[in-house]
Amino acid sequence: MYDEELIRSRLKELRRRRKEGTLWDMAFSIRGDLFRNFGNMCNPELHKGRLEVPRLIKDFIAEVSTQLKMVCESETDELVFEEKLAFVRESRHAFGRTALLLSGGASLGSFHMGVVRTLIENKLLPQIVAGSSVGSIICSIVATRTWTELESFFIDSSQTLNVFDKRDGIIALTKRVMTCGALYDISKLQKLLRDLTSNLTFQEAYERTGRVLGVTVCSARKHEPPRCLNYLTSPHVIIWSAVTASCAFPCLFEAQELMAKDRFGHIVPFHTPFSTDAEHGPGASKRWWRDGSLEMDLPMMQLKELFNVNHFIVSQTNPHVSPFLRMKEIIRAYGGRLAGKLAHLAEMEVKYRCNQVLELGLPLGGVAKFFAQDWEGDVTIVMPATIAQVIFTQRVIKCEIDARPQAETFTATAELH
């Protein structure tokens, strides 16, 4: 499943360089093979059914880590500070970065809380986090808090993010549907997000914590592409505004306008009006945004382009996706490799046909775009959703507890990356 001979040979060479060579020799040797999946040691099949990582791979990773520390922490004149800094930057760029992606999934998204908590406990939380819908709520919590604040927040198991518990009367509900086209009042969600993110913008959150936050939103206009908002593409957008828009699923919440801070700190609309026609009313010129999971649940391509991300950890809770991913795992486990490949072939065929519908501009393009997305990453944690959880999505505490054993199992594999 992996090239044992190649890894053993490289490990032997690295150890020889450390004992006999100079810092330059070690740096030169490390750069030669410092890339992901060297010798196929990140092969997911390699780690299924194992209690721990193969010893050879652990020794290789430990040796590379030791030599990197030696190069960075050496106090000799062989490498000056500028050369060390250049070596680290270039090595990181060549190796690539890891991102944590949290999918949508309504209240089932509380599963993400257990995943993030376990990553924090094991010091494996990536610096780049991105999500859509309820996943963007968890990401905003992570990206706006320092490490100490994160540990304090996620240790408290009573933390839940249920925004649907208020039951309105039938008259109020009917009035809201007739006037706003939505079942729920989004003001409660906005208040919750303001309390969680303290009116920070993407740029302010990055400067405060050093973490990159990505929030996906889709335009209410037909021909405008979805966006991944972050500190590079939209530095002045207020995080609670972006997350509210990303949670605005049609019929549940009304579409939202993105808000930003101007140079004086005043909260203003992020986009200028695209129409000044008074006949359409004051709201006609606004740019409306809605749930990012409709078109871009996992913004992999955008993160690859902007932040050199080449390894994705995905927590998947979408109720229309999780059962199929679980079914794929069952087929692979009990049907053998051939059955697993056939299941993967069927999935690729469905996505291919959906992309054909999009390319030809046929009807049901919105549905095709919804199912043509990528749902998995290099490491995918799938929520073991039951029918009861899908129907009664208020069971947020149980969803979070269910995440713990899967997340803890996942960390053993995540250490490789």
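Each of PHE111, GLY96, VAL53 was scored by the projection of its Cα onto the charge dipole of the stretch 47-154, and the greatest displacement toward the positive side belongs to PHE111; charges sit on the C-beta of Lys, Arg, Asp and Glu.
Length gained on full extension, LEU56 to CYS251: 64.8 nm, using 0.36 nm per residue less the C-alpha separation. The H on the amide N of HIS311, modeled in the peptide plane, is under 5 Å from the matching H of ARG97, ALA99, each at least 5 residues off or on a different chain.
Within 10 Å, count the other beta carbons around each residue, average over each peptide in 285-294, 126-135, 30-39, 375-384, and list them highest first. Don't skip to the answer; put the middle values down first.
On the way: 285-294: 22.8, 126-135: 27.0, 30-39: 15.0, 375-384: 20.1.
My ranking of the peptides, most packed first, is 126-135, 285-294, 375-384, 30-39.
If packing is taken as the mean number of other Cβ atoms within 10 Å per residue, what is the order of 224-237, 112-125, highest first?
Details: 224-237: 19.1, 112-125: 21.0.
Result, highest mean Cβ count within 10 Å first: 112-125, 224-237.
Here are some pairs, LYS328/LYS369; LYS69/LYS304; LYS286/LYS328; LYS19/LYS123; which of them have Cα atoms lying more than 32 Å apart in this structure? Could the numbers behind the result be given before it?
Details: LYS328/LYS369 22 Å; LYS69/LYS304 27 Å; LYS286/LYS328 43 Å; LYS19/LYS123 30 Å.
In this structure, LYS286/LYS328 exceed 32 Å between Cα atoms.
With the simple spin-label model, which puts each label point 7 Å out from Cα in the Cβ direction, the ASN40 to VAL268 separation comes to 5.8 nm.
Given PHE202, THR244, SER293, which one lies farthest toward the positive end of the charge dipole of the stretch 199-341, if we put +1 on the Cβ of every Lys and Arg and -1 on the Cβ of every Asp and Glu? In the stretch 199-341, that residue is SER293. For the stretch 1-129, the equivalent ellipsoid built from the Cα gyration tensor has semi-axes of 32, 21, 12 Å, listed from largest to smallest.
Counting only C-alpha contacts under 8 Å and six or more residues apart, can you give the relative contact order of the stretch 13-108 as a whole percent? Could you put the intermediate results ahead of the total?
Details: 40 pairs, mean separation 37.6, N = 96.
Relative contact order here is 39 percent.
Highest mean packing first, where packing is the average number of other Cβ atoms within 10 Å per residue, the peptides 141-150, 330-339, 186-195, 306-315 line up as 306-315, 141-150, 186-195, 330-339. The magnitude of the dipole of the stretch 310-381, with charges of +1 and -1 set on the Cβ of Lys/Arg and Asp/Glu and taken from the Cα centre, is near 200 debye.
Once the piece of chain linking LEU342 and LYS222 is laid out straight, how much longer is it, given 0.36 nm per residue of separation minus the C-alpha distance between them? List each step's numbers first, then the result.
Working: separation 120, 0.36 × 120 = 43.20 nm, distance 3.53 nm.
The span from LEU342 to LYS222 would gain 39.7 nm if fully extended.
At R0 = 30 Å, how high is the FRET efficiency between TYR334 and GLU5 if r is their beta carbon distance? Nearest 0.05 is fine. Kindly include the intermediate steps, with their values, before the conclusion.
Working: r = 32 Å, r/R0 = 1.08.
After rounding to 0.05, the efficiency reads 0.40.
Any read-out appearing in this document is the output of simple, stated calculations on the displayed coordinates, not a laboratory observation. Remember, predicted model here, so these are calculated numbers, not experimental data. Backbone-built Cβ (ideal geometry, glycine too); neighbour counts: all protein chains shown.
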